[in-house]
Amino acid sequence: MADLLSDDEIDDQLPDEWTQEGDKIVRKYGFSDYLRGVNFAQMVGEIAEAQFHHPEIIIRYEEVEIRLTSHEEGGITDKDTEMAELIESEKNA
Ligand SMILES: C[C@H](O)[C@H](O)[C@H]1CNC2=NC(N)=NC(=O)C2=N1
């Protein structure tokens, strides 16, 4: 089991544009149309399966929200911040 991160550790490790909301880290991505968001959600799902660490993915019109927490640990761990980095790097690839 990974250790829970302190708020300072979270602040240090959180990629730009991500924010902490209680026991989750959150990022909203904007898209020019709905299906680009759907395709992005698919990509995030594939990363999640590869890492076996699964975010909430909320698909809205022209926006996708990613919400990450470590359920087993009951809060935010480096699995969440590392997943956020992976998503960012894939999004910018
Ligand atoms: C049994 C447990 O659900 C699995 O080990 C994995 C699956 N994906 C997961 N995803 C997230 N976000 N947190 C977990 O604790 C987690 N656990």
| remark: Residues of the stretch 48-78 being surrounded by fewer than 16 Cβ atoms within 10 Å (Cβ to Cβ), assigned to a loop (DSSP other than H, G, I, E, B) and in contact (Cβ under 8 Å) with a residue 12 or more places away in the chain, in sequence order, are Tyr61, Glu62, Glu72, Gly74
| message | I'd like the full set of residues that are under 9 Å from the mean Cα position of the chain (by Cα) and part of a loop (DSSP other than H, G, I, E, B), limited to the stretch 79-93. | response | none
| remark: Only unsatisfied item for Tyr29, checking (1) free of Cβ contacts under 8 Å to residues at least 12 places away in the same chain; (2) under 27 Å from Asp7 (Cβ atoms), is (1)
| request: Report, by residue number, each residue of the stretch 15-47 that is under 15 Å from Glu85 (Cβ atoms), open to solvent by less than 30 Å² (accessible area, probe 1.4 Å) and part of a helix (DSSP H, G or I). | output: Val44, Ile47
| request: Filter the stretch 66-91 down to residues that are within 20 Å of Lys28 (Cβ to Cβ) and near the ligand (Cβ under 9 Å from one of its atoms), then give me how many there are. | output: 4
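The values are calculated or read from the model by the stated rules, or taken from the named source; none is laboratory data. Note that the structure is a prediction, hence the values are computed from the model and not measured. Glycine gets a Cβ as well: all are built from the backbone with ideal geometry, and neighbour counts include every protein chain shown. The area values use the complete protein model at the heavy-atom level, side chains included, leaving out ligands, DNA and RNA. Shrake-Rupley method; radii C 1.70, N 1.55, O 1.52, S 1.80 Å.
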